[in-house]
1. Within the range 120-133, track down each residue that is of a type outside the set (A, V, I, L, M, F, W, C) and in contact (Cβ under 8 Å) with a residue 40 or more places away in the chain.
2. Could you pull out the residue among L45, L84 that is farther than 30 Å from V162 by Cβ, among the aliphatic types (A, V, I, L, M) and in contact with a strand residue (DSSP E or B) (Cβ under 7 Å, 6 or more places away or on another chain)?
3. Filter the range 41-59 down to the residues that are at pLDDT 80 or above, out of contact with any Gly (no Cβ under 9 Å at 6 or more places or on another chain) and not polar (S, T, N, Q) and list them by number.
4. As an exercise: evaluate L84 against (1) surrounded by 16 or more Cβ atoms within 10 Å (Cβ to Cβ); (2) outside the structural domain of N127 (by TED's automatic domain parsing) and give the number of the one condition it does not meet.
5. How many residues does the range 13-25 contain that are surrounded by fewer than 15 Cβ atoms within 10 Å (Cβ to Cβ) and assigned to a loop (DSSP other than H, G, I, E, B)?
6. Does I35 qualify as being closer than 30 Å to V131 by Cβ, touching an Asp or Glu at 6+ places or on another chain (Cβ under 9 Å), of a type outside the set (F, W, Y) and not in a loop (DSSP other than H, G, I, E, B)?
7. If a residue has to be part of a strand (DSSP E or B), within 27 Å of F154 (Cα to Cα) and of a type in the set (A, V, I, L, M) to count, how many in the range 74-118 make the cut?
8. For the range 51-73, enumerate the residues that are crowded, with 16+ Cβ neighbours inside 10 Å and assigned to a helix (DSSP H, G or I).
Amino acid sequence: MSNIGKQRIFVPKNVNVKCKGWKLEANSPKGQAFINFPRHTSLILKDNYLSISGDYIKSSIYGTYQRKLKALLHGLSLNFTSHLKFVGVGYRGRIENGFIILRLGYSHEISLFIPQNLNVSVIKRNNVKVVGLNLEEVNQFAYKLRSIRRPEPFKGKGVVMVGEIVRRKEGKKKKA
């Protein structure tokens, strides 16, 4: 077993966890979540701590299982958020009838359906906040928005994750 696999995962007080062999059901006031691991693993709940055990688990996979469990429990106690910023003249977004409509310098507006388990809000027309219980779904939707207009390296215009560093290239130089 790896060092990461030996660590126990703390279960917050507002999350109720039920372990049935390799299946985990978690409930909280914010929602509920289910996760299934391979059949040769077992989840053990003892004194508000979860641990993973199994005979046929490779040490390299323990970290993956550990992070999935931590993310699931964290999402049920505290929400995951992802912030996006539109950098460019006239780049903006708005929400209408369950769709986010984006103007990103193309000749047309782009509309994307917002999944029901995510909460998307537009702040000051050029900032978007994506909130949800599941880390994978929040990041997937954020990167879907980002992929519409990735930040370009010369002027830095596009959809940027807040905190992301856009590597800038030097433009052409005029010969003297």
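The values are calculated or read from the model by the stated rules, or taken from the named source; none is laboratory data. Computed from a prediction, not measured in an experiment: that's the story for all the values here. Glycine gets a Cβ as well: all are built from the backbone with ideal geometry, and neighbour counts include every protein chain shown.
1. N126, N127, K129, G132
2. Numbers: L84 fails: farther than 30 Å from V162 by Cβ.
Criteria check complete, one pass: L45.
3. Correct list: I44, L45, K46, D47, Y49, L50.
4. (2)
5. Qualifying residue count for the region: 3.
6. yes
7. The number of residues fulfilling the criteria is 5.
8. To start, the set of residues in the range 51-73 that are crowded, with 16+ Cβ neighbours inside 10 Å comprises 51-52, 54, 57, 61-62, 65-66, 68-69, 71-73.
I61, Y62, Y65, Q66, K68, L69, A71, L72, L73, listed by residue number.
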